[in-house]
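Below is one structure, written out as structure tokens, with a few remarks after it.
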Amino acid sequence: MNAFNTLPIENPTFANENSLPIAVKDIFCEVGIRTTASSKMLENFVPPYESTVTENMKKAGFVSFGKTNMDEFAMGWSGENSAFGPAKNPWDPTRIPGWSSSGSAVAVAAGLVPAALGTDTGGSIRQPASMCGIVGFKPTYGRNSRYGVMAMASSLDTPGYFTRTVRDAGLLYEATAAHDSRDSTSLTEKVSIDESIWNRTDLKWVRIGVPKEYFIEGIDSGVRSAIDNAIAKIREMWAEVIDISLPHTEHGVSVYYTVCPAEVASNLARYDGIRFGTLSGNGNNIVENRSEGLGSEIQRRSLVGSYVLSSGFYDAYYKKATAVRELIRNDFTNAFTQVDVIVTPTAPTVAWKIGSKWADPLALYLEDIFTLPASLAGVPGLTVPVWYATPKDDSSVDLPVGMQILGPILWEEKILMVGHVLEQAMKEVVDSKKPKVF
Ligand code: GLN
């Protein structure tokens, strides 16, 4: 079997189909390989242990190609938040490649590797994959072990993949996802994909939900028409397209930016220079020294997180956010009684110019609007390139647009099947603008 159907197996560099090189986001610990989470704090950290995901990947015969740039500790919207300089979009290097697993998306889109590992806490696989014109796949929360993955927000962090085809994403998923007793949130259900899904060419009997809350004002008109086109294609393939509602979507951003900082404040407290992290020693005290090692977004979240957890504010903020999170989760549970999968735009815009939104954190926070609800609910998500759109700031370029496909918990097979069929249907138009990388 040709494990990666996009890779020419006759290429002599790859002696055996399974020794394919996989790029690894710099947040997965690998024994003896410097792993920094793109933070000055961990500039010289060499892990003494291996993450389960990379361990499983290597057991399956794949090899680690090297570490990829990312937003510091996976917090960011653009790949600009790395202590080691921004990642750049291969479609136009003056533009951002998308948020935190940015280097992994770039490595696949630029043809350096056939696949890469990333993590998705609030969209960091789906959004950069969409902006770089490749496939991004975040399985159900708990399918991939978090053991050995530097923690950002533990109730949301989900390892996953960047690939050039949906089928490749499915293959890597089968290689790495498994129960792991070292992660208390690891799921025990068996991971398997019915091979017959790769033979599907239509969507007969598949009910596809289109939530009205994801087609809002503020979405780029080019993105909107790309997604409308893809929905029309889905109809042509005999799916039943049903209008649905996910009524609590609008609260996704505020819930996420309460829960996530709370978990960040707890998780990042360990970087105190005693056991983990290096402090510069240039400041007057431990607080100043710590601030030198951590970027401003990390400091902002740690402050917000400590605030929402502090006594007196806990009930008003953190507790309320967890209650509303439940409502968002229920939205999905209810919707999946009516439909098999849900389709939405992955991001409201195409890739923007490096630096153009950096000074406006609020504008950046809103970029997450379409990916956060699925993260809060823990449901699996996939993004597939479907078309191109012209950015507002330059009419001479076309940039990729991805469609997000969300499924019920543990139903990765459904979204992979729909994604695969859609990918085949869109292949001609998507490939027409794709640079040939191999
Ligand atoms: N933009 C979001 C954040 O900064 C998502 C990041 C992620 O998924 N790692 O939290």
**OP:** From the list G277, G252, G293, pick out the single residue that is touching a residue at least 24 places away in the same chain (Cβ under 8 Å), touching a Pro at 6+ places or on another chain (Cβ under 8 Å) and not hydrophobic (A, V, I, L, M, F, W, C).
**Re:** G252
Original post:
Mind checking which residues of region 306-320 are open to solvent by 20 Å² or more (accessible area, probe 1.4 Å), part of a helix (DSSP H, G or I) and of a type outside the set (D, E, K, R)?
Top reply: S306, Y307, L309, A316, Y317, Y318
**OP:** Answer yes or no: is there a residue in region 338-346 that is under 20 Å from the mean Cα position of the chain (by Cα) and within 15 Å of the ligand (Cβ to nearest atom).
**Re:** yes
**OP:** Would you mind finding the one in S184, S155, S225 that is among the hydroxyl-bearing types (S, T, Y), part of a helix (DSSP H, G or I) and either over 23 Å from D120 (Cβ atoms) or open to solvent by 20 Å² or more (accessible area, probe 1.4 Å) (or both)?
**Re:** S225
**OP:** Sort out which residues of region 27-51 are open to solvent by 10 Å² or more (accessible area, probe 1.4 Å) and assigned to a helix (DSSP H, G or I), and write them in order of number.
**Re:** K40
Subject >> Flag if F73 is among the aromatic types (F, W, Y) and modelled with pLDDT of 95 or more >> reply: yes
Original post:
Which members of region 148-185 meet the condition of being of a type in the set (A, V, I, L, M) and more than 13 Å from the ligand (Cβ to nearest atom)?
Top reply: V166, A169, L171, L172, A175, A177, A178
Original post:
Only one residue in L303, L268 is within 26 Å of the chain's Cα centre (by Cα), within 23 Å of D120 (Cα to Cα) and surrounded by 14 or more Cβ atoms within 10 Å (Cβ to Cβ). Which one?
Top reply: L268
Original post:
Among E288, E189, which is of a type in the set (D, E, K, R) and touching a residue at least 40 places away in the same chain (Cβ under 8 Å)?
Top reply: E189
Original post:
Quick check: anything in region 16-26 open to solvent by 30 Å² or more (accessible area, probe 1.4 Å), closer than 26 Å to A265 by Cβ and in a loop (DSSP other than H, G, I, E, B)?
Top reply: no
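The values are calculated or read from the model by the stated rules, or taken from the named source; none is laboratory data. Please read these numbers as outputs of a predicted model, since none were measured by experiment. Cβ coordinates were reconstructed from backbone atoms using ideal geometry, including for glycine residues, and neighbour counts include every protein chain displayed. Ligands, DNA and RNA are excluded from the accessible area calculation, which covers all protein heavy atoms including side chains. Shrake-Rupley method; radii C 1.70, N 1.55, O 1.52, S 1.80 Å.
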